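Below you'll find the structure, written out as structure tokens, and then a few comments.
Rule-based calculations on the coordinates, nothing more; no lab input. All values reported here derive from a predicted model rather than from experimental measurement. Don't worry about glycine lacking a Cβ; one is built from the backbone with ideal geometry, like all the others, and counts go over all protein chains shown.
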Amino acid sequence: MRSSRSPLSLSFALALTLSWAPSPVPARAAEPAPAATVEQTLDAFHAAAAKADEEAYFALLAPAGVFLGTDATERWDKTAFRAFAHPYFAKGKAWTFVPRDRHIDLSADGRVAWFDELLDSATYGECRGSGVLEKIDGAWKIQQYHLTIPLPNDLAKEIVEKIRAAKAAPAERP
């Protein structure tokens, strides 16, 4: 049995089908995933300290950024932290923390990231960094960085006793 369709109707059907097919999107360079750019920012932060590059280090802190150090008294805004750190950078030797075991999470809108990371330090041994970054004018900036020294639970009571004793001791006068 012969088909009742003419070659013209088949051509029309084929053209109609092809017109509904999605058109190819021009290729463009893929942007790195937000977590990857956060990771690059944190890596650059640590690298700048290790190279004593004060300008690069502080450029990664947000204008209202805060650095929390290992001592309970160490809560610095960017200006105060830079004043504290400047003598170290000026000597050409700041500090070196080598990150490992980093975890990064992002807000639903992709503008805020928070992280925690373990760090290796020749001076302080195993440390932990945690904090918050915000995407400002297209670049990730550190709003808060908190450096801690994780304390094994088995040592906690002994260390707490030493801290309390140190706080209770009269201040030495020069």
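Counting other C-beta atoms within 10 Å, which of 55, 74, 117 has the fewest, and how do the rest follow? Walk me through the numbers on the way to the answer.
Working: 55 8, 74 14, 117 19.
Ascending number of Cβ neighbours within 10 Å: 55, 74, 117.
PRE reach from residue 148 (point 7 Å along Cα→Cβ): which of the stretch 109-125 fall under 15 Å by backbone N?
What the label zone holds, given the 15 Å backbone N cut-off, is 115-119.
Which FRET efficiency value, to the nearest 0.05, is calculated for residue 155 and residue 105 with the Förster distance at 25 angstrom and r the Cβ-Cβ distance? Can you show the working numbers first?
Working: r = 30 Å, r/R0 = 1.18.
Once the sixth-power term is evaluated, E becomes 0.25.
Note down the nm distance, to one decimal, between modelled labels 7 Å out along Cα→Cβ at residue 35 and at residue 84.
Label-label distance for residue 35 and residue 84, simple model: 3.1 nm.
Tell me which residues come under 5 Å, amide H to amide H, from residue 116 once H is placed; ignore anything under 5 positions away on its chain.
It is 103, by chain and number.
Using the Cα centre as the reference, give the magnitude of the dipole from point charges on the C-beta atoms of the stretch 34-166 (Lys, Arg: +1; Asp, Glu: -1; all else neutral), rounded to the nearest 20 debye.
Details: 15 positive and 20 negative charges, 70 e Å.
It comes to approximately 340 debye.
What are the lysines whose alpha-carbon lies under 21 Å from the alpha-carbon of residue 51, with same-chain residues fewer than 8 places away excluded?
By straight Cα distance, residue 51 reaches 78, 91, 93, 141.
Local charge sum around residue 129 (other residues, Cβ-Cβ under 13 Å, Lys/Arg +1, Asp/Glu -1)?
Values: positive: 100, 102, 128; negative: 39, 43, 101, 116, 117, 120, 126.
With Lys, Arg at +1 and Asp, Glu at -1, the net is -4.
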